[in-house]
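The values are calculated or read from the model by the stated rules, or taken from the named source; none is laboratory data. Computed from a prediction, not measured in an experiment: that's the story for all the values here. Cβ placement follows ideal geometry from the backbone for every residue including glycine, while neighbour counts extend to all protein chains displayed.
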Amino acid sequence: MPLYFTGYGPYLDTLERIRASGPEVLGLGHLGALAGPAAREAVAAARDAAEALRERVLAHRGSDEDLAERLFVRVYRDELTCYSPSNIRMCVELLIRRSREAGPCDRPA
């Protein structure tokens, strides 16, 4: 699940700075660390996931409540189940709002 809670554009900017630094080790919040090529691949995967989520949000034609429920069902598994369902539901709702707030200048080139 992408974590662009403060904004889509700033999240992508941060990922780009990390990518440009060529990380040899990447610490993952609450999940340990990745090293070598896996660290760099994780940064690319995070960007891909953020772009895919935003596109899914922008393409959705139903209610935000329906979308939030669909996303919750998709992501509430594995390590995210250590958080309460209500916490992850709030996170999904925030990601939907942040996806819609992003302006044209926040779109990747």
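Is at least one residue of segment 38-51 modelled with pLDDT under 95 and over 26 Å from I18 (Cβ atoms)?
no
Only residues that are within 25 Å of R89 (Cβ to Cβ) and either out of contact with any helix residue (DSSP H, G or I) (no Cβ under 9 Å at 6 or more places or on another chain) or not in a helix (DSSP H, G or I) (or both): list them for segment 1-27, please.
Hits for segment 1-27 are M1, P2, L3, Y4, F5, T6, G7, T14.
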